[in-house]
Every structure is written in C-alpha cells, then in structure tokens.
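Below is one structure, written out as structure tokens; the observations come after it.
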Amino acid sequence: MKSILQMRGVQHRYNGRPVLEIDHVDFKTGSITGLAGPNGSGKTTMLKLLSLTEACRTGTVYFREKPAAPFINNNRHRVTLLPQEPYLLKRSVFENIVYGLKIRGEKNNLNELVAMALDLVGLHESFAGRQWHELSGGEAHRVALAARLALKPACLLLDEPTASVDMESARNIRKAVLMARKEWGTTLIIASHHRAWLNDICDRIIYLYNGRILDCSFENILLGPWEQRNNNQFVKTLADDQEIFVSRPPYPDASSVIDPKHLKVSAATPGKNEKSLIGTVTGIFIDNHFSGPRVHVTCGDHRFIASTENDIFSMDNCRPGKKVTLIYRSEDIIWLPQ
Amino acid sequence: MDFILQGILQALELLVRGDRETYSAIVTTVKVSSCSMAASLLLGLPLGYLLGYFTFPGKNGLRLTVDTLLALPTVFIGLVVYAFLSNQGPLGNFGMLFTITGIAIGQTILALPIVIALTATAVESLDHSLRLTLISLGASQKQIFLTSLWEARLGLLVAAIAATGRVLTEVGISMMVGGNIKWHTRTITTAIALETNKGQFATGIALGLILLAMAFSVNLSLSFLRRKA
C-alpha cells in the first residue's frame, strides 16, 4: 500500500528548544495510526506538521510522495486536522460546516452535505440552525468534526478527540471516523492519552517521548536516579525495597523503559541473566496489538504492564489480588532520549 | 436658563423650517466625516490587523506609538495639516487648503490611530486556535485575514463607533484646515463655535442638539448592526 504522508529528517524547535526529531516515518493510505506519549512528547507538533498547518523548520513532509507545506498547493485541501480544542466560528452550525466547502468552491448540495456530516457525528440535521453558543462542549466537538468530515478528506488528523467529551460523544466520534475510512478510504492519524481507545481503533501505534519515536510502548517508564552497585550494575529501589537492575545509564538521571512484552508474568524461577520482581495483579486486559493478554502488576509504588501466556494456567495465576513473579532482563530495559 | 429651552425649540424650528444654512453645515459634516471614516477604516482595519495578529521586532514600540497618538490634540493635527497644505507647504500645489478634502485628511489622521489601536486589540483578543482551525480547513492567507476580521466584528464596530464620535465632534481641524467658510467648509462644530462667539447661544445649542441627534443616529445604526452580528 502506498504512503499518503511521510516525514523525513524533521527537526522542529520552539524558541530554540527541540520538540520533535524524526528521521523517517510514513503513513499508509487508508491506515489508522495512533500517536501515544506523555504530555510534551511532541504529539500535537507532529500532527500540526503532518496536517500542513505548520511548516517544518528542518526536514520535509511528503503528501503522496511529493514535498508539501502550508499554503503552497492544494494538498492542504486533502488533509485536515481536528485540534484538541476546536474553534467554532461565531456563526451557525450550518455556516461552520460549509466554511471549508466554500473554500473549496463547493456551491451545490450544501444542505445535503451538512445533513450527511451531522448524521455521521450523531447529530440531528436540525442542529444546523443552532448558533455556536447554543452547543454543549461535546456537541461543539462533534460539529467541528462534522466540518472536517463534510470535506471527505484523504487524511484526517485528530488531536485528543475524546479528551473533553462524554462517553456518548466518544462513541459517536469513533463511529464517524471509522465510517470515513470505510466510505472514502480516509487515512486517520489520532493522538490520544486514551490508550484503550487507541488500542481498539488503530492499526498501529507510534510511541513518542521527548519528541522522538520509541521502539516500544512507554507505560513502564523507570525514572532515575540510579544507585551504582558495581562497575556495570545500577539499581533503582522501589518503595517495597525491591530492586530493579539496569545497565550503566547514559547520564545520572536518565529515564528508561521496558516493553511489556519483555516483562513477563511467570511461575518459573528466573534463568541465567534474568531478574525478578514480586508484585500483585491489579488488572488484566486485552491489547489488540499484542497476541496475548496484558496484566497490570503493582510492585511497591510502581504499576507495570506485563505480558502473560494466553492459557488457562497463566490466566488463573493472573487473577486480580494474586501475588506473581515478573521476569525481565537488564538488557531489555532501554534508555530514553534526553 | 431660558436660552437652553430656547435652543431646543430653535433646533426643532431650524430642522422643520429647512434652514438652508443649517442644512449646508449638516451636509458638509456628513460629507467630511463619511470621507474621513471611509479612509480611516480602509487604512486602519488592515494595519490594525497586522499590528494585532503578527509578532515582529519593534511591535511593542509601534503599539506604544499608536496608543500615544490616540491623545493627539485636534488643533495640533490642524496645525500640521495646515502647514502641509498651505501654499508654502509641500502639498500646497494641490490647493486642498480650505476644502472639504483638506478637512477629511486631517480627520483621517485623527481617526486612524483609534481604528488601528482598537482593531489591534480586537484581533489580539481572538482565540489563538482560530488560525489553526482556519488553516486546517484549507483557508488561504487572504481568507484567514477576512475571516479573522469577521470574527472580531464586534470589536471593529466599537472601533468604528469611537472613531466616528471623535470625527463628528472635533472642531480644531475643521476650523484651521477648513477655515469655516459659509456654504462651503462650515461644519456643525465650527458653526457652533461661530454662533457662540457672536453671542447667539440659542443657535449654538440648537446646532449642538442637531449634532447630538446625528451622533445618536450613527450609534443607533451601529448598535443595530451589533445586534445582528
């Protein structure tokens, strides 16, 4: 499948501070990609650059394999962004939805397009006559999404679409964006803190940390400082006095992360080069991007996400409240970019 | 106190009777203020937008200068414009001294800082996510400019009301640049000054009330527009 959007050699700074450094990433046509990462990890900046609403300082964004930038050509008419706090023009809902259509020179069937867009986000077409100040927060968010869907975009980017809406609105937004992909082959890129929502909807999830793409998910972050035990062994002591062993940190307060697939709930004793932690199971869930179930395990003041085998014996051992052993290897703990 | 009541009655009489001299002053006032307001809005709205919307080196200094110009005395503007338009001045060849055009130039200088400063304030107070929203919907730079002005329309109406009030009621520029020539450059404010100097207080009050009625009509129209917006 062809790439619809690509980023190459992007280095972006705000006031001299680096916020995004991406060598290469591409997004396939019709795919749904999630962007996950803590606050300040560069998700919103990445969306702004990809949606051609902001120009790259260094590097290039490609749309359908051709360099693209804000205001330069009509590519921006094929890509659209729903910001985290969408702004509604001080006009009626109808005028808000047709604004983008009028920019594209659309004059016919505006009423039908507005009704279709409102229907997609679960709002009745009578909403078209309402003024911007007559909407609740969730309705305003859905109207803003309807204004994007009316454009039938080739690529729709959503920044925290469910952050400030209720469950019903979140369900409607999910339904609407999936419909856009099904009906028009729209490529979706969604930044969200809502991991379960991302897991459920996305084909792939990109993890960002300090503006860079991580090779693994970032849930199991271990923050410094580290105590040196011998020449090559450093430890972090948890609240219950258990120790996590790591290799030499690149700098004293470095943060590290271990992918859940390398942190396993196991009944076996640790093998050579393996370390263990004892913890209590607090939850178990299915991750669409991983073949087996995932387990929440609390060790001292840390809550880890670990993996387990998908068999009855393992599942029985992972019932909430059970004490379990987590097995890991120090070399699987990777250091995060500064 | 009788002359105040007399002035009110005389105002009605002047209007009802269709006094030619009074109507000439009204027409001149409307012509001059319309020209100066049109010019100051045409220049001031884009300049105010640029000042409020963009960040550039020296912006704070420029903003301070514009804000200072809000307090420009009308007699000082009259003096400067007179100096430029008089035969000895750089624009003397155009023959604009003691003309409606000359007064309109002076009043434009008076109104321009008001329009620029209040437009800049209105644009600055727009939601920061407006630009991102418009670009994400595919708007061009020109469409962003026009839509942003429309979003700030209430603030722009306030700018227009404030500038109109200042232009309608100024006397220094009209007197110095226009020369208060009967049937030609005499505005309501210069007519009031003349009548007061002649001791015709009642006529002065009558003209003042007419000016007030004009200001009221302008504000009523703008207030109607504000409700519609």
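The values are calculated or read from the model by the stated rules, or taken from the named source; none is laboratory data. Everything numeric in this text was worked out from a predicted model, so none of it was measured. A quick note on method: Cβ atoms are made from the backbone with ideal geometry, for glycine too, and the neighbour counts reach across all protein chains shown.
Just to check your reading of the model, which residue among A:T44, A:T80 is of a type in the set (S, T, N, Q) and touching a Gly at 6+ places or on another chain (Cβ under 9 Å)? Show your work before the answer.
Numbers: A:T44 fails: touching a Gly at 6+ places or on another chain (Cβ under 9 Å).
Checking each option against the conditions leaves just A:T80.
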Looking for whichever is among the hydrophobic types (A, V, I, L, M, F, W, C), within 18 Å of A:P153 (Cβ to Cβ), surrounded by 15 or more Cβ atoms within 10 Å (Cβ to Cβ) and in the same structural domain as A:M179 (by TED's automatic domain parsing) here; the options are A:V10, A:V19, A:V61. Which one fits? A:V61
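Could you please find all residues in region B:173-195 being surrounded by fewer than 20 Cβ atoms within 10 Å (Cβ to Cβ) and over 18 Å from B:A215 (Cβ atoms)? Step through it out loud before you land on a result.
Our first condition is that a residue be surrounded by fewer than 20 Cβ atoms within 10 Å (Cβ to Cβ); within region B:173-195, this holds for B:179-184, B:193-195.
Scanning region B:173-195 gives B:G179, B:N180, B:I181, B:K182, B:W183, B:H184, B:L194, B:E195.
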Do the conditions hold for B:Q107, that is, is it away from every other protein chain (no Cβ under 14 Å), touching a helix residue (DSSP H, G or I) at 6+ places or on another chain (Cβ under 8 Å) and in a helix (DSSP H, G or I)? yes
What pairs can you find where one residue is in region B:1-18 and of a type in the set (S, T, N, Q), the other is assigned to a helix (DSSP H, G or I), and their Cβ atoms are less than 8 Å apart, with a gap of 6+ or different chains? B:Q6/B:A202; B:Q6/B:I205; B:Q10/B:A202; B:Q10/B:T203; B:Q10/B:I205; B:Q10/B:A206
More than 27 Å from A:F71 (Cβ to Cβ), aliphatic (A, V, I, L, M) and modelled with pLDDT of 95 or more - does that describe any residue in region A:137-156? no
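With the structure loaded, tell me whether B:F94 is in contact (Cβ under 8 Å) with a residue 12 or more places away in the chain and either among the aromatic types (F, W, Y) or away from chain A (no Cβ under 12 Å) (or both) or whether it fails that test.
Values: in contact (Cβ under 8 Å) with a residue 12 or more places away in the chain: no; either among the aromatic types (F, W, Y) or away from chain A (no Cβ under 12 Å) (or both): yes.
For B:F94, the condition - in contact (Cβ under 8 Å) with a residue 12 or more places away in the chain and either among the aromatic types (F, W, Y) or away from chain A (no Cβ under 12 Å) (or both) - is not met.
Would you call A:P86 surrounded by 22 or more Cβ atoms within 10 Å (Cβ to Cβ), over 20 Å from A:Y207 (Cα atoms) and in the same structural domain as A:A176 (by TED's automatic domain parsing)? Give the steps one after another, and end with the answer.
Numbers: surrounded by 22 or more Cβ atoms within 10 Å (Cβ to Cβ): yes; over 20 Å from A:Y207 (Cα atoms): yes; in the same structural domain as A:A176 (by TED's automatic domain parsing): yes.
Yes, satisfied.
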Which of (1) within 20 Å of A:P38 (Cβ to Cβ); (2) surrounded by fewer than 19 Cβ atoms within 10 Å (Cβ to Cβ) does A:A239 not meet, given it meets every other one? (1)
Answer yes or no as to whether A:V265 is surrounded by 12 or more Cβ atoms within 10 Å (Cβ to Cβ), over 27 Å from A:L208 (Cβ atoms) and in contact with a Cys (Cβ under 9 Å, 6 or more places away or on another chain). yes
Checked pairs for region A:110-130, first assigned to a helix (DSSP H, G or I), second surrounded by fewer than 16 Cβ atoms within 10 Å (Cβ to Cβ) and not basic (K, R), C-beta under 6 Å and 6 or more apart or across chains, list as A:L120/A:M179
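Consider A:L52 carefully, then state whether it is at pLDDT 95 or above, within 14 Å of chain B (Cβ to nearest Cβ), crowded, with 21+ Cβ neighbours inside 10 Å and within 23 Å of the chain's Cα centre (by Cα). Outline the logic, then answer.
On the way: at pLDDT 95 or above: no; within 14 Å of chain B (Cβ to nearest Cβ): yes; crowded, with 21+ Cβ neighbours inside 10 Å: yes; within 23 Å of the chain's Cα centre (by Cα): yes.
So A:L52 fails the test.
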A:Y62 vs (1) under 22 Å from A:F27 (Cβ atoms); (2) within 12 Å of chain B (Cβ to nearest Cβ): all pass except (2)
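If you take the residues of region A:197-210 that are part of a loop (DSSP other than H, G, I, E, B) and not acidic (D, E), which of them is surrounded by the most Cβ atoms within 10 Å (Cβ to Cβ)?
Our first condition is that a residue be part of a loop (DSSP other than H, G, I, E, B); within region A:197-210, this holds for A:202-203, A:210.
Right, trim to not acidic (D, E) and you get A:202, A:210.
Values: A:C202: 21, A:N210: 18.
Among residues in region A:197-210 that are part of a loop (DSSP other than H, G, I, E, B) and not acidic (D, E), the one surrounded by the most Cβ atoms within 10 Å (Cβ to Cβ) is A:C202.
Going through B:L9, B:L47, B:L14 one at a time, which residue ends up being farther than 30 Å from B:V115 by Cα, assigned to a helix (DSSP H, G or I), of a type in the set (A, V, I, L, M) and in contact with a Ser or Thr (Cβ under 8 Å, 6 or more places away or on another chain)?
Details: B:L9 fails: in contact with a Ser or Thr (Cβ under 8 Å, 6 or more places away or on another chain); B:L47 fails: farther than 30 Å from B:V115 by Cα.
The match here is B:L14.
Going by the structure shown, is B:A202 surrounded by 23 or more Cβ atoms within 10 Å (Cβ to Cβ) and over 26 Å from B:L118 (Cβ atoms)? Write out each step before concluding.
Numbers: surrounded by 23 or more Cβ atoms within 10 Å (Cβ to Cβ): no; over 26 Å from B:L118 (Cβ atoms): yes.
Judged against the criteria, B:A202 is not a match.
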Checked pairs for region B:130-156, first at the interface with chain A (Cβ under 7 Å from one of its Cβ atoms), second buried (at least 17 other Cβ atoms within 10 Å of the Cβ) and at pLDDT below 90, C-beta under 8 Å and 6 or more apart or across chains, list as B:T133/A:P86; B:I135/A:P70; B:I135/A:R76; B:G138/A:R76; B:G138/A:H77
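Please pick out the residue among A:T80, A:T60, A:T44, A:T53 that is of a type in the set (V, I, T) and assigned to a loop (DSSP other than H, G, I, E, B). Talk me through it step by step, then tell me what you get.
Values: A:T80 fails: assigned to a loop (DSSP other than H, G, I, E, B); A:T60 fails: assigned to a loop (DSSP other than H, G, I, E, B); A:T44 fails: assigned to a loop (DSSP other than H, G, I, E, B).
Only one candidate qualifies: A:T53.
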Hits in region A:131-155 (condition: touching a helix residue (DSSP H, G or I) at 6+ places or on another chain (Cβ under 6 Å) and part of a strand (DSSP E or B)): none
Could you look through region A:72-91, keep only residues that are in contact with a helix residue (DSSP H, G or I) (Cβ under 9 Å, 6 or more places away or on another chain) and more than 7 Å from chain B (Cβ to nearest Cβ), and pick out the one that is nearest to B:R226 (Cα to Cα)? A:R91
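Which residue is farthest from A:L198 (Cα to Cα), if the candidates are limited to region A:211-232 and must be free of Cβ contacts under 8 Å to residues at least 40 places away in the same chain and not in a loop (DSSP other than H, G, I, E, B)? Spell out the reasoning first.
Step one: filter region A:211-232 for residues free of Cβ contacts under 8 Å to residues at least 40 places away in the same chain, giving A:223-232.
Add one more test, that the residue is not in a loop (DSSP other than H, G, I, E, B), and what stays is A:227-230.
On the way: A:E227: 36, A:Q228: 38, A:R229: 40, A:N230: 42 Å.
Only one residue tops the list, namely A:N230.
Can you list the strands (runs of 3 or more DSSP E) lying wholly within region A:241-287 that have 1 or more residues being modelled with pLDDT of 85 or more and more than 30 Å from A:D200 (Cα to Cα)? Please lay out each step first, then the result.
On the way: elements: A:243-246, A:256-258, A:264-266, A:275-286.
Ranges flagged: A:243-246, A:275-286.
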